[in-house]
Amino acid sequence: MSLPAFAADMSLSARAQRVATVAAEFADRVDHDGRFPREAVDAMKAERLIGIQIPTAFGGEGASIAEIAEVCSILGQACAASAMVFAMHQIKVSSLVEHGGDSEWHRDFMRELAGRQLLVASATTEGGIGGNMRNSICAIEVDGDTCRLTKDATVISYGAHADAIMVTSRSNEKAAPTDQVMTVFKQGQYTLQKTVDWDTLGMRGTCSDGFLFRGEAPSMQIFPKPFAEIAAQSMLATSHLLWSAMWYGIAADAVLRAQAFVRAAARKAGGTQPPGALRLAEASNLLQLLKAGILSGLRIYADAKADHDQLSSMAFSIAMNNVKLASSETILTIINQAMIICGIMGYKNGTPYSLGRHLRDAHSAQLMISNDRILGNTSTMLLVQKPDTSLLG
Amino acid sequence: MNETIRELLTRVGGLPVAVTELEDGADLYAAGLSSFASVQLMLGLEEAFDIEFPDSLLNRKSFASIAAVEQTVSHILKAREAA
């Protein structure tokens, strides 16, 4: 055996594949018990995937959103909950990378995150805001060098398992609900008192329980930019793109299972076309359409990133909204097709063709940021913004 | 023009604060301008000044403050004169 054969393949996709193998092994148990995918997240840390987005200057690998999307898709094919934890973490990291560079504390935190592979959670949802994270009721209290915040956070995904939480609030006691800031609180700087249980149809392993959050930290941990800017320029695009990438993973695995089913049937049928074959062709068609939509979104984001005006333009928001709407709806159609192909073997749990978990996980897609709310926003923008009619962009 | 912008903002801005209390340079988003209200403001400006916002100006910056709106509208009016 040659020497290089001993060395593990350290490419991003090979590392993601190794994590996916671990995630797949525990996926059914994580789903059944509604527990945190500890093994998969430990594997992400061991493969050092948690810090890949941090610039190389701060100890990370400077991975692009497209590269991270690929990891999300690989993980999504194994365990959607693990993939979603990874995606949500990377969305928070994107805010840090895009908006934290001007602040010494945030630069140091990037080094620490990459060095210690810190998992970051998000607390943007609050009781009483009606699901619109661009409004806050709670206000951060800045007292000299210290800031304090109490928030009735009705959802903090994997909050109890995170190493740090980024929390939104009004910028001060007198500020309007939309005048928001985001603050990084590290473990040890906050307490979480569980208020709501996460017992759901799917995505059970994200453990998105509700908590009463109470934090106190040095006030330099508040992001130096308004949250409105952070939300528009890094969160909107990365959420829609990384979620879509992991949803693609769920749908891709469903098509793979359907193909295995049709192939097994074809072997037995001895020359005649099995009944699911045509539907498989349709599902593969939709999967390609889904992929094309995400790839086009990734390209639009890469182009817009060079120009901050474009990032906060309506055309860009509409494009990202459309990626999210299309992927969240298409995956349901695809997985449903796969289910019809696999029949009772797909409907049953514990077969090689089981699709129940896929279908349940996929149903979260149109709800996390409700598609109706997104359609509403897009329709408002289309009152003035001309629809994009160019083919090549 | 400043007056027209302030009138429109009072009518469609939906701000929790009085428009008369806002300085020309005050951040309208921080004052509570929602994206829906900014579109309504834009439509109002198009009607009032008989203009059309080009896609390149449909971003947050153009509506960041009363001064920014004034500048954006002047820019469109000037571009039309030049044409």
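Readers should treat all values here as calculations from the given coordinates under stated rules, not as data from a laboratory. The structure presented is a predicted model; accordingly, all values stated were derived computationally and were not measured. Because the Cβ atoms are built from the backbone with ideal geometry, glycine has one as well, and the counts that use them run over all protein chains shown.
With only Cα atoms counted, the range A:114-153 has Rg and Dmax values of 13.4, 38 Å. In straight-distance terms, cross-link reach from A:K324 covers every one of the aspartates and glutamates whose alpha-carbon lies under 15 Å from its own, apart from those fewer than eight places away in the same chain; here that gives A:D372. Could I have the simple spin-label model distance between A:S11 and A:L212, label points 7 Å from Cα toward Cβ, reported in nm to one decimal? With each label placed 7 Å out from Cα toward Cβ, I get 5.2 nm.
Fewest-first ordering of A:Y347, A:Y248 by other beta carbons within 10 Å of each residue's beta carbon gives A:Y347, A:Y248.
Per residue, the Cα convex hull of the range A:289-343 amounts to 56 Å³. For B:V39, A:V181, B:V12, the sequence from fewest to most other C-beta atoms within 10 Å is B:V12, B:V39, A:V181. Taken as entire DSSP H runs, the helices of chain B that both span 18 Å or more between Cα atoms along their own long axis and average -0.5 or more on the Kyte-Doolittle scale are B:35-49, B:66-82. Counting charges near A:G215 (Lys, Arg +1; Asp, Glu -1) among other residues having Cβ under 10 Å from its Cβ returns a value of +3.
Compute the acute angle (0 to 90°) between the alpha-carbon long axis of helix A:12-33 and the principal axis of greatest extent of the alpha-carbon atoms of chain A; round to the nearest 10°. That works out to roughly 90 degrees. For the range A:9-56, a Kirkwood radius taken over Cα pairs fed into Stokes-Einstein (4 °C, viscosity 1.567 mPa s) yields D = 114 µm²/s. Largest first, the extents of the alpha carbon coordinates of the range A:1-128 on the three principal axes equal 49, 45, 23 Å.
Between A:T333 and A:A260, the C-beta separation translates, for a Förster distance of 25 Å, into a calculated FRET efficiency of about 0.80.
Seen from A:G131, the other residues with C-beta closer than 12 Å to its C-beta sum to a net charge of 0, counting Lys and Arg as +1 and Asp and Glu as -1.
Could you compute the net charge surrounding A:D28? Neighbours are other residues with a C-beta less than 14 Å from the C-beta of A:D28; K and R count +1, D and E count -1.
+1
Helix A:277-305 sits at what angle to the longest principal axis of chain A, using alpha carbons and giving 0 to 90 degrees rounded to 10? The angle comes out at about 30 degrees.
Shape analysis of the range A:120-221 based on the Cα gyration tensor places the equivalent ellipsoid semi-axes at 23, 16, 10 Å, largest first. P(r) tail, the range A:282-393: Cα-Cα pairs separated by more than 25 Å, 34% of all pairs. Eigen-decomposition of the gyration tensor built on the alpha-carbon atoms of chain A gives equivalent ellipsoid semi-axes of 36, 24, 21 angstrom, largest listed first. Which angle from 0 to 90°, rounded to the nearest 10, does the C-alpha axis of helix A:104-116 make with the longest principal axis of chain A? That works out to roughly 40 degrees.
If both residues of a DSSP beta bridge must be in the protein assembly as shown, then about 85% of such bridges are antiparallel.
Using a Förster radius of 56 Å, what is the FRET efficiency between A:I344 and B:E23 based on their Cβ-Cβ separation? Nearest 0.05, please.
Computed FRET efficiency for A:I344 and B:E23: 0.25.
Packing order of peptides A:348-358, B:21-31, highest average first: A:348-358, B:21-31 (average count of other Cβ atoms within 10 Å over each peptide's residues).
Kindly flag which residue pairs out of A:K151/A:K291; A:K45/B:K61; A:K151/A:K225; A:K45/A:K174; A:K92/A:K194 have an alpha-carbon separation exceeding 29 Å in this structure. Going by Cα-Cα distance, A:K151/A:K291; A:K45/B:K61; A:K45/A:K174 fall outside the 29 Å limit. Per-residue Cβ neighbour counts within 10 Å put A:M88, A:M10 in the sequence A:M10, A:M88, beginning with the fewest.
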